[in-house]
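**Student:** Pasting a structure here, questions to come.
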Ligand code: GDG
């Protein structure tokens, strides 16, 4: 398994010793249970702008404790700036989320991306044999297969993209579109979150591959043939460890914390938003929608509060810092604009990381989850919220542009995150929804998430990578399911 970051972040403690803690974010949440379950080696950057030998030792020791091996790829502080903050997060991240106006197409970033991807490939070569299956993750490492081939690697190499893949009219803005597309075609299997992303990729390949592109087969995995190359291309909606979430959410400790939250914010329904600090997550529009709901429906005053948790992320990039300031101003404006003698606070704002128990307690305490990204590969928070809703009487309001909407469209209330009044009306609808409807919707979503959990995701990806013959690709019997419907917003 190869990803930009290792699943643990390493920091030097005041005494000089290295300490580590589990990383946050969707990729780690999804893949940690998989490696714990199956074993293997995880290769990635330890998250520190240092490259010392004592760090390598700390990484190896942490691997020994966690039940699978860890191998570090060391990055200098300059590489972290140009490869990670630069190419990955100022070029690919905004572009692939259709926000091309936020891209900084600095040519030095691309050079650094190629160089760092080569370094990853070298570490992979040093830690694997020809019979190992190599699974590369996400937008930081799209060039790794091409670099591995340059180094003479003959192993099977597959790739999963956790974020969306953009349509051709957006992808074409990328100055290095040709090189990047060719690099992606070096994988044997390319996995995307939804059929929308896969379709976008195939359209880009048709425009840019240079030779005719033929697509064979239909269903979850197809074969794309161009020139001498054939590449399998599939869509695999990522998921969560449903049973573990459900079990942990049901513990007395979590129930107690959730009850505490209700005691602190009594006699009202709680609406929850949890996001990494990121402009793709639609936090400002969400706050405006909540404010509009309070203006349009005064009966909601003192009857609802929005808990907005913002998890620090990429704070070294100026756009992220500005976003934080704007969110805080808007929260202040909303809370200051409606002052009630009883002390009702419309928005309860938390900036920081929650521990697992608090995270689950927020999920359990919330009557409504408001998840409104402008675009999102999948969105695991939506699935975790449903898994934690053990009483099955909560409502999920979900952006139709989150990958999860393809799977949850029959249970969630889908919204266009840009439609502030539409989201406001949906908040009111969720508030007044009957218990019977809430239960029916939540049950449907939970059933689907339970069936298509993280272990299903890994199995289906590995089968697609390893099956000799795709026609004999062994799928679960009830395979044609909600998880794979091609939801297109009207
Ligand atoms: C990328 C794609 C795709 C959040 N706050 C805390 C915390 N979290 C955990 C959640 C969840 C994860 O972080 C966030 O996952 P998302 O999927 O919502 O979003 P991204 O980080 O943007 O992930 C995304 C994902 O990759 C997987 O493919 O779904 O579309 O953008 O698991 O629980 N965890 C803890 N404290 C927090 O405060 N412990």
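**Student:** Output the number of the condition that residue 355 fails; it satisfies all remaining conditions of (1) more than 20 Å from the chain's Cα centre (by Cα); (2) exposed (fewer than 15 other Cβ atoms within 10 Å of the Cβ); (3) closer than 22 Å to residue 388 by Cβ.
**Tutor:** (1)
**Student:** Inside region 393-443, can you point out the residues that are within 18 Å of the chain's Cα centre (by Cα) and under 22 Å from residue 303 (Cα atoms)?
**Tutor:** 396, 397, 398
**Student:** Here's a check for you: in region 142-162, which residue that is touching a residue at least 60 places away in the same chain (Cβ under 8 Å) and farther than 17 Å from residue 229 by Cβ is surrounded by the most Cβ atoms within 10 Å (Cβ to Cβ)?
**Tutor:** Step by step, filter region 142-162, then rank; the result is 160.
**Student:** Kindly provide the set of residues from region 374-390 that are more than 6 Å from the ligand (Cβ to nearest atom) and within 20 Å of residue 197 (Cα to Cα), ordered by number.
**Tutor:** Residues satisfying the conditions are 374, 375, 382, 383.
**Student:** A further question on this structure: On the given criteria, is residue 358 more than 30 Å from residue 196 (Cβ to Cβ) and part of a loop (DSSP other than H, G, I, E, B)?
**Tutor:** Working: more than 30 Å from residue 196 (Cβ to Cβ): yes; part of a loop (DSSP other than H, G, I, E, B): no.
Answer is no for this residue.
**Student:** So residue 205 fits all but one of (1) crowded, with 20+ Cβ neighbours inside 10 Å; (2) within 21 Å of residue 460 (Cβ to Cβ); what number is the exception?
**Tutor:** Exception for residue 205: condition (2).
**Student:** For residues that are farther than 16 Å from residue 136 by Cβ and crowded, with 21+ Cβ neighbours inside 10 Å, scanning just region 163-190, find the one that is farthest from the chain's Cα centre (by Cα).
**Tutor:** Once the filter is applied, the top-ranked residue is 174.
**Student:** Scan region 322-347 for residues that are under 24 Å from the mean Cα position of the chain (by Cα) and either exposed (fewer than 12 other Cβ atoms within 10 Å of the Cβ) or within 16 Å of the ligand (Cβ to nearest atom) (or both) and jot them down.
**Tutor:** Within region 322-347, 322, 323, 324, 325, 327 qualify.
**Student:** Of these, 349, 320, which one is more than 23 Å from residue 251 (Cβ to Cβ) and touching a helix residue (DSSP H, G or I) at 6+ places or on another chain (Cβ under 6 Å)?
**Tutor:** Step by step, each of 349, 320 is checked, and only 349 is more than 23 Å from residue 251 (Cβ to Cβ) and touching a helix residue (DSSP H, G or I) at 6+ places or on another chain (Cβ under 6 Å).
**Student:** Looking only at residues in region 265-305 that are away from the ligand (no atom under 16 Å from the Cβ) and under 26 Å from residue 102 (Cβ atoms), which one is surrounded by the fewest Cβ atoms within 10 Å (Cβ to Cβ)?
**Tutor:** Initially, region 265-305 is screened for residues away from the ligand (no atom under 16 Å from the Cβ), giving 265-271, 284-285, 287-305.
Adding the requirement that they be under 26 Å from residue 102 (Cβ atoms) leaves 284-285, 287-292.
Values: 284: 14, 285: 19, 287: 25, 288: 18, 289: 26, 290: 26, 291: 21, 292: 17.
Looking at residues that are away from the ligand (no atom under 16 Å from the Cβ) and under 26 Å from residue 102 (Cβ atoms), I get 284.
**Student:** For region 358-379, what are the residues that are surrounded by fewer than 24 Cβ atoms within 10 Å (Cβ to Cβ), within 24 Å of residue 254 (Cβ to Cβ) and under 18 Å from the mean Cα position of the chain (by Cα)?
**Tutor:** Listed by number, the list holds a single entry, 359.
**Student:** Give me a count of the residues in region 397-432 that are within 16 Å of the ligand (Cβ to nearest atom), under 18 Å from residue 447 (Cα atoms) and either assigned to a strand (DSSP E or B) or in contact with a helix residue (DSSP H, G or I) (Cβ under 7 Å, 6 or more places away or on another chain) (or both).
**Tutor:** Qualifying residue count, region 397-432: 6.
**Student:** Any residue that is in the same structural domain as residue 223 (by TED's automatic domain parsing), surrounded by fewer than 20 Cβ atoms within 10 Å (Cβ to Cβ), part of a helix (DSSP H, G or I) and away from the ligand (no atom under 16 Å from the Cβ) - is there at least one of those in region 127-137?
**Tutor:** Scanning region 127-137, I find no residue that is in the same structural domain as residue 223 (by TED's automatic domain parsing), surrounded by fewer than 20 Cβ atoms within 10 Å (Cβ to Cβ), part of a helix (DSSP H, G or I) and away from the ligand (no atom under 16 Å from the Cβ), so the answer is no.
**Student:** Mind listing just one residue for me: the one in region 324-350 that is outside any loop (DSSP other than H, G, I, E, B) and in contact (Cβ under 8 Å) with a residue 60 or more places away in the chain and, of those, farthest from residue 286 (Cα to Cα)?
**Tutor:** 348
**Student:** State all residues of region 47-79 that are at pLDDT 90 or above, in contact with a helix residue (DSSP H, G or I) (Cβ under 9 Å, 6 or more places away or on another chain) and surrounded by 19 or more Cβ atoms within 10 Å (Cβ to Cβ); if no residue qualifies, say none.
**Tutor:** 70, 71, 72, 73, 75, 79, listed by residue number.
**Student:** If you don't mind, there's one more thing I want to ask. As an exercise: evaluate residue 21 against (1) free of Cβ contacts under 8 Å to residues at least 24 places away in the same chain; (2) surrounded by 14 or more Cβ atoms within 10 Å (Cβ to Cβ); (3) within 15 Å of the ligand (Cβ to nearest atom) and give the number of the one condition it does not meet.
**Tutor:** Condition (2) is where residue 21 drops out.
The values are calculated or read from the model by the stated rules, or taken from the named source; none is laboratory data. Since the structure is predicted, the reported quantities are computational estimates derived from the model, not experimental observations. Backbone-built Cβ (ideal geometry, glycine too); neighbour counts: all protein chains shown.
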